[in-house]
Every structure is written in structure tokens, then in C-alpha cells.
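Notes to accompany the following structure.
The values are calculated or read from the model by the stated rules, or taken from the named source; none is laboratory data. Here the structure is a predicted model, which means the values were calculated and not measured. Every residue, glycine among them, receives a Cβ derived from its backbone with ideal geometry; neighbour counts consider all protein chains shown. Protein only, heavy atoms only, side chains kept; ligands, DNA and RNA dropped before computing areas. Shrake-Rupley method; radii C 1.70, N 1.55, O 1.52, S 1.80 Å.
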Amino acid sequence: MKDNKRISVVLAGQGNTGKTSIFNYYTGSHQHTGNWAGKTIEKLEGTLYYKDYTIDVLDLPGIYSLTTLSVEELIAREYIIKHKPDVVINIVDATNLERNLIFTLQLLELECPLIIALNMVDIAKKKGIEIDTGKLQEKFNAPVIPTIAKRGTGLTELMDKVIEVKENGHEPGMIRYGREIESCVDELSAELKNTGLLYSERWIAIKLLEKDSEITNTISQIRPELIRRKETLEKRLEEIHGHDSSLVISDERSHYAAQIVSETAIMRPHRKLSLSDRLDIITTHKFAGYLVMILIVGGMFLTVFKLGNWLSSVLETVFSSWHNWWIASVGETFLASLSWSAIEGVLALVEIALPYILPFYIILYILEEWGYIARISFLMDNLMHKIGIHGKGCISFIIGLGCNVPGCLSCRIMESRRERFLTAVLVTLVPCSAVSVIVFGLVGKYVGLIWAFGLYVFAMVIIFIAGKILSKLLPGEPVELIMPMPDYKKPHLKAILYQTWDALKEFIYIAAPIVIIAGVVIQAINLAGWMPAISRFMSPVTVNWLGLPAITGILLIFGILRKELILVMLAAYLGTTEFAEVLTPVQMITLAVVSMFYVPCIATVSVLWKEYGWKRALAVTLIEILFAILLAGLVYRLLSLFDL
Amino acid sequence: MDTSGKPRSLIDLQEGQSGIVLSLNGGRNLTKRLADLGMGPGTRITVLRTSLFSGPVQVEVTGSKLVLGRGLASKILVEPR
Ligand SMILES: Nc1nc2c(ncn2[C@@H]2O[C@H](COP(=O)(O)OP(=O)(O)OP(=O)(O)O)[C@@H](O)[C@H]2O)c(=O)[nH]1
Ligand SMILES: [Mg+2]
């Protein structure tokens, strides 16, 4: 029995229409948004209390169809059919009305209680798109509410409408297609009575004619005699229209949507080209586009480096005065030194890691919200094909620059399992912001910026080569790119700040405790006199092969938890950030190379495990450890030939 | 290059040129995917951007922008108009 004061609402729509923005507004959560289709990869659940009601809101990944072409689409339609939410809110991007309405029609076919949220009306207005919502409402026989998700405009009205539909009920609109299609649908659905399935007969009939594999399988099991009938009807449609019956149905929807748009919307552009289009003249240009990309990505790294160095040195002066104060007022007893070492670990984390990691995240979020990521995919598609994946893989790489964990998860935007795995493995080779701490804070600062940049280029080359090899090892053809290109949007400041705050919170709640514990463990090992033993155990690799000081052995072990720990713990151990006193430039570069590739951190390994099974996760980890050690040793030997 | 006339592959259109989609031969799944995005036979399509070497093309269909991989675009037959 459904609770009377409980309402379940599902947010459904195509990619990048503002579903998660609306979800965040209603549930007060800060789930990540981004101006490209495919940001949300898993359904999100949240709750809202409003007007005596407990409203469960569910955000679905963006989908383009309710035919079983992808897992997400299957999940979405099963959810709507099985769970029978009280209301489905279809988020429609007003700036891509026609394309979005094709999906609306598919939702209407499901005959679920539907409300249309006409989102992004602010941008539509700027573009000179006028939509007659009253008329649209009539056409679909479903309420239409204009909204601006990022400002919250219209969202109260939308929720009021949800309650109204729940209280008064709503007869969902019925869509009628062209005569030939309808007659086939009628003939088929007449024979589909009492199938015992949850779906309506009409819907099953449409899906059968659309050659939906899942529905066809189901029916061929329970009503095998109907398959012949279905095929005859399909032939009839194909003879009339001259192409595959699955396309006939899609086309019918497209025409229907086009018809509705022509009756309800007017385009009156104020100027010939919108700001977004004018920007695209250079940002997706054959030649200039690549130049701009190099400038933007290079500028990003330069900003992170400059800002990071500056912040780091400011913090250094502040913290060193604290240490003097500590010695003066607490003293230098054994206990005082031990507790200082815990404090020092956290300070080192704040001083060394945060200044690089935070700007990195902020800039990446800005690029994502602005819409530049999709441009990179467009520009890089060609190159990505050479390593067996398509341009969307770049999106995962760029997210991976911030953190490999969401980077690996985002690989779900890739269509085939082969490509998902291939991309995920390559993402683990992408130097994340934690690695950038070592690249910038160590190599950039003490060896030279050019070497830091060189390391990034080196990483790209390695990823390319690894991709080449992997794509040969994993058989299969690369899938072709189909990607909606979003308009540039003004980055949503609040979303960026919240997402950055999330990254900061992870620092406080996860990184800081780890640093304290690791610091204490290292101190304890030191006091117990085990350090030489551990160092000796690791030294064939660290000292003999990599030419690093023996202490790096234990640091590399802790680095598995979080890679920035390598540098942070080194600073804490030394009691100084003057790394030049203990490491030569060649050693710095070698350490950076091992850190870059030696193992995906523990969080990334667990994601790989979850997504691809323990065998593959373990294989990737082991291979990368061996590879990194081999590579860094070679780098060390090569660089030692030159006098740095 | 003449701007109208006989059917040709989408990749043979130049930036700014439009055409009517005649057939899509990129395999059942991709064709269906495109149809669900509003790009079926008979749709008007405008090439916005082509790219270097054998990169993707950016097109406009149903008032929306879409990027299509080169291999797929080459299998789409259009009649320039
Ligand atoms: N100007 C404007 N921008 C919006 C509006 N709604 C959302 N956005 C922006 O549009 C982008 C996409 O928003 P999301 O909420 O991530 O969209 P989504 O539908 O969840 O996207 P997927 O999860 O990829 O399917 C973000 O950059 C938002 O800040 C709006 O009403 N007006
Ligand atoms: Mg989302």
C-alpha cells in the first residue's frame, strides 16, 4: 500500500538538460553537474519535505531513447514501469526543443503521469526562442512548467504541480501516430491481451515494431506465435516507407516533434550568431582550435603551478612561525615532539598538497561547467581513434586529471564494455591532482617548470603508447562517436564552489586522518628501530635500481593510500620542505615518474575492482607497478648521463 | 564544387553546406541511435564543422548540434541542397 503522504518523483530526460541541477535544488544535495551529456552515471536518490509531503526524488542518467540500446536506458524504463512513480518529471532543454521532445513522446507512450519542466528558458530567451507553453501543454495533454534550474526559478511551481497531480490524478496524454503505424499497432496490440506483463499492450506493440531486443525476446518466449505476425506487419511498414521498421517508428516521432515545435515555438534570433557560436568559430576550428586547446590546457597547468607555489610559500612562512611558537611554549620533550610530528603531518598536507590540488579542481570544474570539455572531445576524436577509443574518452582523461576515481567511473559514457575498460586503464595512467603535487611541488619548484611540463607530455606519450598496445590486445572495433555538442554556458559559480568544497571535505575527513596515522606509524617504526630493515628490504628497488634515498621505500608504500602522501610524508619526516637538501634533481624526476605510474591509488583500484572484477584490477595494479619501476629506473639512468 | 545535385557522403559536404539525409548505413544500433536523435532519412542536415585529417564532423539537425565520428559520417548518404 502506498503511503498517502509520500510522493515518488522521477527526473527523466536527455543528457545535459539540467536534471541534476533540479535534483540538487530539491534535495539540498551537491551532486556534480557539468555542461556535457553524461555527467551523471548512476541514479541519485534524495528526499524533500514540502507541504506535509515526503517526496522521494530520483535523478536518472540522461538517455535518448527507451529502446534497449544501452544499460542506462533499460534501467530507466524498467524503473518507471516497475516502480510506477507517482510523477515523472520530464526535463526538456528549451534550447534543443525538437530533439528533446522526441524523448518526451517516448515517455508519453509509457502512459505514466507526466509533467514537463521546460528548462533553460533563460538561455532560450537569449537565443530568441519563444515557446508557447500553453499550446505545448495542450498538444501533450501534460502540464508544462518553464524553469531555470540553476536559479531555482519555476521549481516551486513545478513541485506544486507534482502535488496537484498526485492529489487530483492526471489522465496521461495519448499520442497517436500516422495511420499506417497506428493500424499495425492496433492489430498487434489486439493480440497482446493478457500477457501478464506490466507494460500496456499498445506499448509492447510499438516496441515490437521498433524491434526492441528485450521485448522481442520476452514475447518470443511467452507468445512465440506472435513473432510471425510482428514480422508481417514490419514488412508492411517497410514496404510503405522504404526503410527498416525500427526507423519508421523513430522517424514518426521525429516528425511529430517537428510538427509540435513548428506550432508552438518561434525562433527570432537577435543576432546571427550567438556568443557560443562565435566562440566556436575559433575553439572548434581545424587549426586555431588546437592552438586554443594548447593555450587553455597549458594555461591551466601554469596557473595551478604559479598559484600553488605562491600559496605554498605563504603557508610555509605562517607554519614555520607556528613551529617556533610550539618549541617555545610546549618545549622539546619526547611527547611534545611526537605530537608535533602529528601536527606537522597535517600542516605539511595543507602546505604542500592543498595549494596545488584545490586550484586544479576549481579550474577543471570551470572548464566542465563552461562546456569546453566537449570541444576537447571533438578535437581529440581523431587521435583517440588511434588508441582504440573515441573522443568521449578524453572526458574521462580530463576528469582523471583531477582525480582518477571519478575519472574511472565516468568511463561508463563509453558505449562498449571493451572501450570502458580500455579507457579506465588509461585513466589510471593519467597524473591526477595528487600526482601534480609531486610534479609541481617537487620537480617544478626545484628542477624547473619546463621539466614539470615535460613530465606531463611524457605521461601523454606513455598513455598513447599504452593505448596502442592495449587496443591491440583487446580485440574489437572502436565504436563511432555520437555526441551532442552543448552550447557554452556561463559557469554556475555556486555549483563550482560546492563541488570544490566536496574536494576540500575529502581532504579534511580522509586525507588528514590518514596523514596523522601514517605519521605516527612511521615515527613508531622509526622508534622501534625497524626503519633500516624496511629500507633494506626495499633498497634493491629504491636505492639500487631507482637511485633514490632509502627512506623513499616506506613513502612509496604509504603512497598507495594517496599519492600526495609521498611528498607530504617526506616533508613531515624531514621536518622541512627544502627537498633540495635530500634529493638531487635527477632523483626528484625519478621519484615523480615512479609516483605517476607505479600504482593506481587504493581508491582507484577499488573502483576498478567494482567495475571490472578483481582479476582485472589486480592485473592492472601489478603490471603498472612493474612498468613504473622499470620505466623510472631507465629514466634515472638516462638522466644521470646528463648533468642536471 | 557544385552545391546541389547527386547524392554523396556526409563527409564530402563542406562547412556551411546542407543536405537531406537519404540513407544511413552505419549498422543497426548506430542508425537507430541517430534516428532517436532526430536524424532519420529525410532530415535536413547542415555541416557546421569539419576537422583535420580524418576527424569527426559537427552537424546541426533538428536545431541541435551533434558531433559524428568520421567513420559513421562517411556512411551517411546525403543529397546536397
Ligand atoms: N543557464 C542555465 N544553465 C543551466 C540550467 N539548468 C542547468 N544548467 C546548466 O546546465 C548544465 C547541465 O546541468 P546538469 O544538471 O548537470 O544536467 P543533467 O541533465 O543532470 O546532465 P546529465 O547528468 O549529463 O544527463 C550545467 O552546467 C548546469 O549548470 C538553466 O536553467 N539555465
Ligand atoms: Mg545529471
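Observations on the structure shown:
- For the protein assembly as shown, alpha-carbon Rg over 2.2 N^0.38 Å: 1.07
- Note on exposure: A:S246, A:S70 ranked by accessible area (1.4 Å probe, complete protein assembly) read A:S70, A:S246, with the most exposed listed first.
- Efficiency of FRET from Cβ geometry, A:K472 and A:S640, R₀ 22 Å, rounded to 0.05: 0.10
- Alpha carbon centroid spacing (whole Å) that separates the stretch A:267-286 from the stretch A:447-470: 34 Å
- Per DSSP, loop GluC sites (Glu not before Pro) in the stretch A:79-121 with at most 11 further Cβ within 10 Å: none
- In the context of the full protein assembly, A:I282 retains an accessible surface of approximately 90 Å², using a probe radius of 1.4 Å and ignoring ligands and nucleic acids.
- Average Cα contact separation per residue, chain A, under 8 Å, 6 or more apart, as relative contact order %: 11 percent
- Net lengthening on full extension, A:I557/A:I602 (0.36 nm per residue, minus Cα-Cα): 15.1 nm
- The alpha carbon radius of gyration of the stretch A:179-245, expressed as a multiple of 2.2 N^0.38 Å, is 1.02.
- Segment A:E130-A:I623, length gained on full extension (0.36 nm per residue, minus Cα span): 171.8 nm
- Euclidean distance between Cα centres, the stretch A:13-89 to the stretch A:148-217, Å: 18 Å
- For the stretch B:8-80, the fraction of 1.4 Å probe accessible surface lying on carbon and sulfur atoms is 50 percent.
- FRET E, pair B:S54, A:E238, Förster distance 35 Å, beta-carbon r, rounded to 0.05: 0.55
- Kirkwood hydrodynamic radius (C-alpha pairs) into Stokes-Einstein, the stretch B:8-80, 20 °C and 1.002 mPa s, D in µm²/s: 183 µm²/s
- Only one residue of A:S200, A:G547, A:V9 has its Cα farthest out toward the positive end of the dipole of chain A, where Lys and Arg carry +1 and Asp and Glu -1 on Cβ, and that residue is A:G547.
- Span from the the stretch A:329-389 Cα centroid across to the the stretch A:522-569 one, whole angstrom: 22 Å
- At R0 = 30 Å, FRET efficiency that the Cβ-Cβ distance of A:I366 and A:K286 yields, to 0.05: 0.70
- Separation in nanometres of the label points that stand 7 Å from Cα toward Cβ, at A:L497 and A:I525: 4.2 nm
- Between A:D52 and A:N217, the simple label model (points 7 Å from Cα in the Cβ direction) yields a spacing of 4.6 nm.
- Average partner coverage of A:377-385, which counts Cβ from other chains inside 10 Å: 5
- If only the Cβ of Lys and Arg carry +1 and only the Cβ of Asp and Glu carry -1, the dipole of the protein assembly as shown around its Cα centre is close to 900 debye.
- Calculated translational diffusion coefficient of the stretch A:68-215 (20 °C, 1.002 mPa s; Stokes-Einstein with Kirkwood radius over alpha-carbon pairs) equals 128 µm²/s.
- Spin-label proximity, A:A580 to the stretch A:348-362 - amide N less than 13 Å from point 7 Å beyond Cα toward beta carbon: none
- The mean accessible area for residues of the stretch A:563-644, using a 1.4 Å probe and ignoring ligands and nucleic acids, is 45 Å² per residue.
- The antiparallel fraction among DSSP beta bridges confined to the protein assembly as shown stands at about 60%.
- Averaged over A:277-284, number of beta-carbon atoms from partner chains that fall within 10 Å: 2
- Stretching the chain fully between A:K505 and A:A533 yields a gain of 6.4 nm (0.36 nm per residue, less the alpha carbon separation).
- Listed residues A:I282, A:L631, A:P513: farthest to the positive end of the dipole of chain A (Cβ charges): A:L631
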